[in-house]
Amino acid sequence: MTETRRGCFLVLDGPEGAGKTTQVQRLVQRLRDAGRKATSVRDPGSTPVSERIREVLLDRRLPEMGARTEVFLYMASRAEMVVRIVRPALDVGLIVVCDRFVSSTVAYQGYAGGIDPELIWDLGRTACGGIEPNLTVILDLPVEEGLARARRLAEPDRIEAKDQTFHEKVRQGFLSMAEARPQVFAVVDASQPPDAVAEAIWEAAKRVL
Ligand code: TMP
C-alpha cells in the first residue's frame, strides 16, 4: 500500500536525450523561487553506495549483463537512495524531484529488455518500501532525435549504446505506462524548446503540488 507522507515526490523520466537533467534542475529552482522547499536526486545514484552501483551498471568495459541482473542492481541502488534521502526528505515535508525511477526499469529492462513489467512494478514497491511518486512526467521525443542529442553531449554509456530497436521499445514502454495510468503520469513533448518544456512540466506538476 502507498503510504501518505508530508512531502511530494515528483519524477521526471523518459527516453535518452530528452533533457531530463536540465529540467530537474529548472523545476527545483522554480519550486524554490515559489517559496517551496525542494531537493533533487538522480536514479541510479545520489548516495555513495548508489553511485558505486551506477558505475557498474553503466560501465561499457564490462561485458553484456543479463536484464534480470540489471533489474536487481537498479533496485538495490534505488533502495539505498530511498532509505537514505527520499524517505527522510518526504517525512520532513520536502518536495523531491527525481531524475528517473522505477518507471525507467519498467521501460528499459521490462518493455525493452523482456522482463515482465508487472514483476518490476512489484519489485519496485518492495525496494522502495511503499514510497511511490505522486506524479511521473514522461519527457517524450523521437528516438533518433534523443540519441543524437545525447551523443552530442557525451560518450554513450552501456545502456545508451544499445541499438535503436531497443530504444524504440523503451519509448513505447514509457508511453504505454503513461496511457494506462493517466492519474499518476503526464507526457510532455520534449522536442519543444527548453522553456516550453519547463512550462509544460510546471503545469503538470501543479496537479499534485
Ligand atoms: P541517465 O542517463 O538518465 O543518467 O540514466 C542512466 C542510464 O541507465 C540510461 O541509459 C537509462 C538507464 N536506466 C535503465 O536502464 N534502467 C533504470 O532503471 C534506470 C533508472 C536507468
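The values are calculated or read from the model by the stated rules, or taken from the named source; none is laboratory data. What you are looking at is a predicted structure, and each value in this text was computed from that prediction instead of being measured. Note that we place each Cβ from the backbone using ideal geometry, even for glycine, and neighbour counts take in every protein chain shown. Heads up: the accessible areas ignore ligands, DNA and RNA and are worked out on the full protein's heavy atoms, side chains in. Shrake-Rupley method; radii C 1.70, N 1.55, O 1.52, S 1.80 Å.
Given the criterion surrounded by 15 or more Cβ atoms within 10 Å (Cβ to Cβ) and within 11 Å of the ligand (Cβ to nearest atom), identify the matching residue among 147, 141, 153.
Values: 141 fails: within 11 Å of the ligand (Cβ to nearest atom); 153 fails: surrounded by 15 or more Cβ atoms within 10 Å (Cβ to Cβ).
The conditions single out 147.
Is there a residue being more than 20 Å from residue 131 (Cβ to Cβ) and near the ligand (Cβ under 9 Å from one of its atoms) anywhere in the range 20-41? Full working, then the answer.
Step one: list which residues in the range 20-41 are more than 20 Å from residue 131 (Cβ to Cβ), which gives 21-23, 25-26, 29-30, 32-35.
From what is left, the residues that are near the ligand (Cβ under 9 Å from one of its atoms) are 21.
Among the residues of the range 20-41, at least one is more than 20 Å from residue 131 (Cβ to Cβ) and near the ligand (Cβ under 9 Å from one of its atoms), which makes the answer yes.
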Hits in the range 123-154 - residues which are of a type in the set (Asp, Glu) and farther than 18 Å from residue 44 by Cα: 140, 144, 145
Cross-chain or 6+ apart pairs with Cβ under 8 Å, the range 161-174 first and open to solvent by 50 Å² or more (accessible area, probe 1.4 Å), then among the hydroxyl-bearing types (Ser, Thr, Tyr) and part of a helix (DSSP H, G or I): 169/111; 172/111
Positions within the range 126-141 being at pLDDT 95 or above and either among the small types (Gly, Ala, Ser) or closer than 16 Å to residue 193 by Cβ (or both), in sequence order: 127, 129, 139, 140, 141
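Give the residues of the range 184-197 that are of a type in the set (Gly, Ala, Ser) and over 16 Å from the mean Cα position of the chain (by Cα), sorted by residue number.
From the range 184-197, those of a type in the set (Gly, Ala, Ser) are 186, 190-191, 196; that's our starting set.
Matches in the range 184-197: 191, 196.
Between 57, 31, which is in contact (Cβ under 8 Å) with a residue 60 or more places away in the chain and either surrounded by 21 or more Cβ atoms within 10 Å (Cβ to Cβ) or not in a helix (DSSP H, G or I) (or both)? First the steps, then the outcome.
Values: 57 fails: either surrounded by 21 or more Cβ atoms within 10 Å (Cβ to Cβ) or not in a helix (DSSP H, G or I) (or both).
Checking each option against the conditions leaves just 31.
Can you find, within the range 60-82, the residue that is surrounded by the fewest Cβ atoms within 10 Å (Cβ to Cβ) among those that are of a type in the set (Gly, Ala, Ser) and near the ligand (Cβ under 10 Å from one of its atoms)?
Per the stated criteria, the residue is 67.
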Selection count where residues are assigned to a helix (DSSP H, G or I) and either in contact with an Asp or Glu (Cβ under 8 Å, 6 or more places away or on another chain) or within 15 Å of the ligand (Cβ to nearest atom) (or both), scope the range 86-125: 20
Number of positions in the range 186-197 that are surrounded by 19 or more Cβ atoms within 10 Å (Cβ to Cβ) and either in contact (Cβ under 8 Å) with a residue 60 or more places away in the chain or of a type in the set (S, T, N, Q) (or both): 2
The one condition in (1) in contact with a helix residue (DSSP H, G or I) (Cβ under 7 Å, 6 or more places away or on another chain); (2) more than 15 Å from the ligand (Cβ to nearest atom); (3) part of a loop (DSSP other than H, G, I, E, B) that residue 187 fails to fulfil: (3)
